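S.K.: One structure follows; several queries about it will come next.
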Amino acid sequence: MEMKTTAIHKKPLNISSERVCDCDITHLNCMTAKEWLKSQIGVWQFFYEKRDIRDKTVHPATFPISLSKKVIELFTHKGELILDPFVGSGTTLVAAQDLERNAVGFDLNEKFVKLAKSRLTETKLFGTAKQIAVCDDAINIPEYFKPNTIKLIWTSPPYANLLNRARKNKSRRDRDNGQLGIVEQYSQDVRDLGTMSIEDYTKNMGDIFEKLLPLLKQKGHCVINVPDMWWENKRITIHVSLIEELRKRGYELRNTIIWDRTNIVNKVGIFGWPSNYITMGVTFEYLLDFWKPADTTNDNRDG
């Protein structure tokens, strides 16, 4: 059944996109040289904190606030504008609030939007930056912003129909963690990317991000968190599909970062032994870092 979505915000949104720090105009972020050096390592690890949502009955796929803060600190200055097209439980907005960045997140699911708003209320800090959660389809996002105002698109989108199937335990470890047989989909809305085949998913992602590209500032970054998945004993390379699709839509791939999740995963079973080697998807995911190529008719400043 198609879900009802209610967009109640003025278009375009009244939200600032200008930096409020004293950093040099050529600087990408507010980081010191020492902080920058640490960020050049292309394999990242993070820990959860008390404010993170780990309960899959609340939301089926969340990421740590610390991960979101890392991406935001790396690609924005204080006061600049961040967009999360698939905001889910609102982690991007919470991180932006902590870091004094303006941010807007969109989601089809009204329940998730309410959850995101409640998390912002719980952690509200003093400051002038705004964080807004909007219930609307990502394809409509351009109606809410003026061109060349967003500094960072940061999101963890639905992973095609990875979650839209019953969970099975194929490992040799005899365990039931409460997820066996559970279908963890975000919704069954026909517009939900989490219900689509990889082919439809890739095209729809391309359509959405092509419309978002004019909203990005020149050399503004777009970071997408995705895993690959196994389907009928075949590896479905979601990250490759997205790289190829976004390149066709005008984005330039800058970096591929590995989110090493081994420090937060436990009780990994033995899969495929002794004849079918399979890397455990739960132990790592990809952070695909694109940007909007600079206009060669202008200068090369990052501001």
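The values are calculated or read from the model by the stated rules, or taken from the named source; none is laboratory data. None of the values given here were measured: they were computed from a predicted structure. Cβ coordinates were reconstructed from backbone atoms using ideal geometry, including for glycine residues, and neighbour counts include every protein chain displayed.
S.K.: LYS34 versus (1) outside any loop (DSSP other than H, G, I, E, B); (2) of a type outside the set (A, V, I, L, M); (3) modelled with pLDDT of 95 or more: which is the lone unmet condition?
M.R.: Condition (3) is where LYS34 drops out.
S.K.: Look through the range 216-243, keep the residues that are in contact (Cβ under 8 Å) with a residue 40 or more places away in the chain and more than 27 Å from PHE46 (Cα to Cα), and return whichever of them is farthest from the chain's Cα centre (by Cα).
M.R.: ASN233
S.K.: Still on this structure, I have one more. Looking only at the range 229-270, count how many residues are closer than 30 Å to ALA294 by Cα and not hydroxyl-bearing (Ser, Thr, Tyr).
M.R.: 19
S.K.: Now, a different point. Show me the strands (runs of 3 or more DSSP E) entirely contained within the range 213-303 in which 1 or more residues are of a type in the set (Phe, Trp, Tyr) and within 22 Å of PHE75 (Cα to Cα).
M.R.: 252-260, 284-291
S.K.: Are there any pairs, at least 6 apart or on different chains, whose C-beta atoms fall under 9 Å, with the first in the range 16-28 and in contact (Cβ under 8 Å) with a residue 12 or more places away in the chain and closer than 19 Å to ALA129 by Cα and the second aromatic (Phe, Trp, Tyr) and part of a loop (DSSP other than H, G, I, E, B), and if so, which?
M.R.: Matching pairs, first to second residue: SER17/PHE145.
S.K.: Output the residues belonging to the range 181-212 that are modelled with pLDDT of 65 or more, outside any helix (DSSP H, G or I) and crowded, with 18+ Cβ neighbours inside 10 Å.
M.R.: MET196
S.K.: Could you look through the range 259-277, keep only residues that are of a type in the set (Val, Ile, Thr) and loosely packed, with under 14 Cβ neighbours inside 10 Å, and pick out the one that is nearest to VAL223 (Cα to Cα)? Spell out how you get there, then give the answer.
M.R.: Of the range 259-277, the ones of a type in the set (Val, Ile, Thr) are 262, 264-265, 268, 270.
Remaining after also requiring loosely packed, with under 14 Cβ neighbours inside 10 Å: 262, 265, 268, 270.
On the way: THR262: 21, VAL265: 23, VAL268: 28, ILE270: 32 Å.
Ranking the candidates gives THR262 first.
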